[in-house]
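**Student:** Please find one structure pasted underneath; my questions will follow.
The values are calculated or read from the model by the stated rules, or taken from the named source; none is laboratory data. Keep in mind that this is a model prediction, so the values were computed, not measured. Cβ atoms come from the backbone with ideal geometry, glycine included; neighbour counts cover every protein chain shown.
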Amino acid sequence: MTADLFGLEQQTPRTNSRPEAAALVEVLKALRTHPAVAWAERMNTGAARVGNRFIRFGWPGCPDVLGQLKDGRFLGVEVKAQAGRLRPEQALFLARIRAAGGVAFVARDCRDVLRTLGEAQAP
């Protein structure tokens, strides 16, 4: 906190130090409102120590968002910040989804969602 000229506390403006988190919010909103998407949910991945136990969430390469299109196809979306890059296990998992007939892609913002789902619906 800082003080203004009158000595009143002023809240320091927040900066977005987590651009991937902001992209995730935007991508999820675009997916959940897209007419071709039946459902889309955030998939938590990572690990944490709970007491003396080590718990892993998800699996290596698991996309940030899993879902299903209304036509029944599986949906996997890896969300990255503008400068973010896929890890090899992420690229492999997205390729596996596509090979099985699903729709899988990298999204950096809502435009990627709209473009990719538009292409997925085209005959």
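**Student:** What number of residues within segment 72-101 are under 21 Å from residue 118 (Cα atoms) and buried (at least 16 other Cβ atoms within 10 Å of the Cβ)?
**Tutor:** Here the count works out to 9.
**Student:** While we're on this one: Could you list, in sequence order, the residues of segment 90-110 that are in a helix (DSSP H, G or I) and modelled with pLDDT of 95 or more?
**Tutor:** 90, 91, 92, 93, 94, 95, 96, 97, 98, 99
**Student:** Just checking, how many residues over segment 1-50 are touching a Lys or Arg at 6+ places or on another chain (Cβ under 9 Å), in a loop (DSSP other than H, G, I, E, B) and at pLDDT below 90?
**Tutor:** Going through segment 1-50 one residue at a time, the tally reaches 1.
**Student:** If you don't mind, there's one more thing I want to ask. Could you grab the pairs with beta carbons closer than 6 Å, sequence gap of 6+ or different chains, first residue in segment 108-119 and farther than 14 Å from residue 33 by Cβ, second one at pLDDT 95 or above and among the aromatic types (Phe, Trp, Tyr)?
**Tutor:** Matching pairs, first to second residue: 116/105.
**Student:** Here is a further query. Quick one: in segment 52-69, of everything that is at pLDDT 90 or above and not in a strand (DSSP E or B), which residue is farthest from residue 80 (Cα to Cα)?
**Tutor:** Checked segment 52-69; the qualifying residue farthest from residue 80 (Cα to Cα) is 52.
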